1. Check whether at least one residue in segment 234-245 is charged (D, E, K, R), under 30 Å from residue 159 (Cα atoms), in a strand (DSSP E or B) and at pLDDT below 95, and report yes or no.
2. Farther than 21 Å from residue 100 by Cα and modelled with pLDDT of 95 or more: is that true of residue 176 in this structure?
3. Which of the residues that make up segment 206-216 are open to solvent by less than 70 Å² (accessible area, probe 1.4 Å) and either free of Cβ contacts under 8 Å to residues at least 12 places away in the same chain or not hydrophobic (A, V, I, L, M, F, W, C) (or both)?
4. Kindly indicate whether any position in segment 115-124 is open to solvent by 60 Å² or more (accessible area, probe 1.4 Å), aliphatic (A, V, I, L, M) and without any contact (Cβ under 8 Å) to a residue 40 or more places away in the chain.
5. Report, by residue number, each residue of segment 136-166 that is surrounded by 14 or more Cβ atoms within 10 Å (Cβ to Cβ) and either in contact (Cβ under 8 Å) with a residue 40 or more places away in the chain or not in a strand (DSSP E or B) (or both).
6. Would you be able to tell me the number of residues in segment 217-237 that are under 17 Å from the mean Cα position of the chain (by Cα) and open to solvent by 50 Å² or more (accessible area, probe 1.4 Å)?
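The values are calculated or read from the model by the stated rules, or taken from the named source; none is laboratory data. These figures come from a predicted structure and were not determined experimentally. So basically every Cβ, Gly included, is an ideal-geometry build from the backbone, and we count neighbours across all protein chains shown. Side chains included, ligands, DNA and RNA excluded: accessible areas come from the protein's heavy atoms. Shrake-Rupley method; radii C 1.70, N 1.55, O 1.52, S 1.80 Å.
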Amino acid sequence: MPFYRKSIAIFLVSSGTALLLLSTAHAAENTDKKTSSWSGSAELGASVSTGNSRTSNVNGKLQLKYESGPWSHRFKLSSLQASEDGNSTANRTVGELSTHYDLNPRNYAFDTLRASHDAFSGYSYQATIAAGLGHKLWVSDRGGLGVEAGPGYRRSKLKDGPAENNLIGLAKGDFSYKISETAKFEQTLLVLGGAANTELESVSGLSVNLTKTMALKVAYTVQHNTNVPADKKKTDTFTSVNLVYAFGDN
């Protein structure tokens, strides 16, 4: 099967999965609105070109959040698949699951589990578990700024090397700002630093509402690893233009 057909199939499966999860979330929310709430979003984008060259690109993101009292649970999944003339040029998937417990309105404890696979980074996989404390530096109706930090543990494997286990430190910052009633800017910076490698991920996004639940989002992602094979670049970037379906208090 040509790569672009595989990409479209991934796109459709992702769409169906996202809609199923979102429908389930709505049902759960309606059963107990007083004590808990669901929110989330699904992003999808795709392009196919033919002629002198054949290229395809599919990317998708799914985010879910469940809040109950002082507890909140977050799930994130993103995937990028791209090809040119039948040859894969991008193949990256990242998943993250985290739990927050509010200590007071400004401070919270967290733990997080993150795993990534990037066929072109030089790593077969990188998996991290970490825990620590978070602080909300700024909270407003127009947005917010928060930071997190804590120790963790990482298991990673270079494609041509053995698996490695090492202690790491996690540092993260989240910023969001409503530019207007219909436009919002978001910035996330994540650093996972260890003796064997330091991972850095920066995601900048600007979204504009089309309806109450649909938006158009432009995002720019930078991913950097300090330790990669000699034939690999340390930094990858990706620009996406996606349609976003959101529900709940986003």
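1. Step one: filter segment 234-245 for residues charged (D, E, K, R), giving 234, 236.
Cutting the leftovers down to under 30 Å from residue 159 (Cα atoms) gives us 234, 236.
If we keep only those that are in a strand (DSSP E or B) as well, we get 236.
Next, only the ones that are at pLDDT below 95 stay: 236.
Yes, some residue in segment 234-245 is charged (D, E, K, R), under 30 Å from residue 159 (Cα atoms), in a strand (DSSP E or B) and at pLDDT below 95.
2. Details: farther than 21 Å from residue 100 by Cα: no; modelled with pLDDT of 95 or more: yes.
No, not satisfied.
3. Across segment 206-216, the qualifying residues are 207, 213.
4. Taking segment 115-124 as the starting set, the residues that turn out to be open to solvent by 60 Å² or more (accessible area, probe 1.4 Å) are 117, 120.
Pick out the ones that are also aliphatic (A, V, I, L, M) and you get none.
No, that holds for no residue.
5. Pass one, segment 136-166, residues surrounded by 14 or more Cβ atoms within 10 Å (Cβ to Cβ): 136, 143-150, 152-158, 164.
If the condition is that a residue be surrounded by 14 or more Cβ atoms within 10 Å (Cβ to Cβ) and either in contact (Cβ under 8 Å) with a residue 40 or more places away in the chain or not in a strand (DSSP E or B) (or both), then 143, 150, 152, 154, 156, 158 are the ones that fit.
6. 5
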